[in-house]
1. Taking the range 63-90 as the region of interest, how many residues are assigned to a helix (DSSP H, G or I), within 22 Å of the chain's Cα centre (by Cα) and under 13 Å from residue 168 (Cβ atoms)?
2. Quick check on residue 501: is it buried (at least 21 other Cβ atoms within 10 Å of the Cβ), within 16 Å of the ligand (Cβ to nearest atom) and among the basic types (Lys, Arg)?
3. Considering the range 373-406 alone, what residues qualify as being more than 15 Å from the ligand (Cβ to nearest atom) and under 24 Å from the mean Cα position of the chain (by Cα)?
4. What is the number of the single condition among (1) surrounded by fewer than 19 Cβ atoms within 10 Å (Cβ to Cβ); (2) at pLDDT 95 or above that residue 138 does not meet?
5. Determine the pairs where a residue that is not assigned by TED's automatic domain parsing to the domain that holds residue 66, located within the range 18-29, has a partner that is within 8 Å of the ligand (Cβ to nearest atom) and among the acidic types (Asp, Glu) with Cβ atoms under 9 Å apart, the partner being 6 or more residues away or on another chain.
6. Tell me whether the range 189-203 contains one or more residues that are under 22 Å from residue 283 (Cβ atoms), surrounded by 22 or more Cβ atoms within 10 Å (Cβ to Cβ) and among the charged types (D, E, K, R).
7. Could you check residue 180 against (1) over 20 Å from residue 89 (Cα atoms); (2) surrounded by fewer than 21 Cβ atoms within 10 Å (Cβ to Cβ) and say which number it fails?
Amino acid sequence: MNFKTVQTKPIDGQKPGTSGLRKKTSVFRQPGYLENFVQSIFDGTGGAAGKTYVLGGDGRFFNTDAIGIIIRMAAANGAARLIVGQGGILSTPAASNLIRKYGTDGGIILSASHNPGGENGDFGVKFNAANGGPAPEKLTDAIHKETTRIAQYKIAEDDIGDIGKIGSFTVGSTQVDVVDPVDDYEALMQDLFDFDAIRALFAGGFRMCFDAMHAVTGPYAKRILEGSLGASEGSVINAVPSPDFGGGHPDPNPVWAKEVVETMEGPDAPDFGAASDGDGDRNMIMGRSAFVSPSDSLALLTAYAHLAPAYSGKLSGVARSMPTSRAVDLVAERLGIPCFETPTGWKFFGNLLDAGMATLCGEESAGTGSDHIREKDGLWAVLLWLNILARDGRDIVQLRADHWRSFGRNYYSRHDYEEIPTEDANALMSGLRAKLPQLPGTTVAGLQVSAADDFAYLDPVDQSLTEAQGVRITFTDGSRVVLRLSGTGTQGATLRVYLERFVDSGGDHAQDVQAALAPVIEAAEQLAQIAKHTGRSTADVIT
Ligand code: G16
């Protein structure tokens, strides 16, 4: 095997965002772009020599080529071993599991998550650390620093073995083990959940529809739901991963996961609906004609997790990202366990999970997970729901209604304004930040402001401070508006406006969500002057 050292120059903009480096696929395919970033990952994390990495991706366009490049670079940099998903496929949760199970030094995951794929879509590269979780800020900062001073990268010149076949080959002195992407993940799920109870549920006629959205979870869901658990054939739809996700947008929310939504709202709807995203870490949950918001899902899973063997009597605490609704806080309070509020980004849960301070975590952005791995996990959420429904016996819609009657309902919605010119988005945020100190005590759209700040997080484990994580404005009636700019977009800026209104246990829980939130929506507009800054009178995506 011949190795070569290629002279290169820093490329602007290789700063990882909320979750790795995400760019247009065409940007990643520019000569040296991927290579520069991968070499910077190695250099920023102490070099690849003698290390073992997990490697895989969500199968989007350029996945296979990128895997080949990374294998050749890891070998040239002296890695000892690579564990690669067959065909270059690994869901993000499956990759996290492999890193932990085989004690590797980390992993490289190729995905732009829920962003569309294809030649004109998005691509992404993420480094996960030895705990299986997304690299924390100090590592992503170190990687970014390398991208600004890189002068050369190393790569093997010759062809390598076939990653389409399970087995092993070597590249120089690096051993490459190609593994089944599903096996270890399924074994983990069997350890966590009561598979017998779920099997009995399906055997009793329970029906579900899982939309894999032509993305990576198809093979996982087929094997586990239809194979091991006995869901009827056809329960998993859009199950074959395709490089452009069938031309779709693999984001599991009511806007993009239309097929399962129509099924769940149609005549003869199944009992349970779900979907997962491009790389399998997000989830959407539905009952008949009922979308369960991710924030509510987190609260309900926390309330009923004891019905699953892995979590019975074992919840040390919960954590949610700051913009996620406070429904789970109420459950944690009643259970007498702590509830942590972190910035957006799964990486912020890592320390809490490692320290055993939180067992379940979740985010409004359709992410839920636990300490079984260090990523959010779409299929895990579906299986925990199935386990709960199998053991509880109630229908999901009834379960949720009973929950609201007991805890009250946190009406919740997110309004996204996409592809705004970056300067306009920054002007909106800085204008808002400037007026925060004057807001408490004032009344906006009939709501009195009780507190207003720019969220800063002091990590209770390593004491690191992360500032400017989003503006939050709370009102005396318990309502809340949060505004922040997305860190995962690839074009312009995306403004996210998170809206929440609490109606207590005796109140009306059957209102239309947007109608219930109308005063909060109006307050957000008056406070941030969204229409003036964006030139738009409504959001592009409302979930
Ligand atoms: C990533 C992060 C999540 C975050 C989401 C949205 O998810 O891991 O923690 O909530 O992005 O982030 P933003 O609001 O900055 O766009 P994923 O599924 O895209 O990897």
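1. The number of residues fulfilling the criteria is 0.
2. Numbers: buried (at least 21 other Cβ atoms within 10 Å of the Cβ): yes; within 16 Å of the ligand (Cβ to nearest atom): no; among the basic types (Lys, Arg): yes.
No, not satisfied.
3. 382, 383, 384, 385, 386, 387, 388, 389, 396, 400
4. Exception for residue 138: condition (2).
5. Matching pairs, first to second residue: none at all.
6. First pass over the range 189-203, keeping only residues under 22 Å from residue 283 (Cβ atoms): 189-195, 197-199, 201-202.
The next check asks that each one be surrounded by 22 or more Cβ atoms within 10 Å (Cβ to Cβ); those that pass are 189, 193, 198, 201.
Then keep just the ones that are among the charged types (D, E, K, R); that gives none.
There is no residue in the range 189-203 that is under 22 Å from residue 283 (Cβ atoms), surrounded by 22 or more Cβ atoms within 10 Å (Cβ to Cβ) and among the charged types (D, E, K, R).
7. The failed condition is (1).
Rundown of residues vs (1) assigned by TED's automatic domain parsing to the domain that holds residue 531; (2) within 27 Å of the chain's Cα centre (by Cα); (3) of a type in the set (Val, Ile, Thr); (4) within 16 Å of the ligand (Cβ to nearest atom), yes/no style:
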{"position": "418", "(1), (2), (3), (4)": "yes, yes, no, yes"}
{"position": "442", "(1), (2), (3), (4)": "yes, no, yes, no"}
{"position": "446", "(1), (2), (3), (4)": "yes, no, no, no"}
{"position": "475", "(1), (2), (3), (4)": "yes, no, no, no"}
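The values are calculated or read from the model by the stated rules, or taken from the named source; none is laboratory data. All figures in this text were calculated on a predicted structure; none of them were measured in a lab. When we count neighbours, we look across all protein chains shown, and the Cβ atoms used for this are built from the backbone with ideal geometry, even at glycine.
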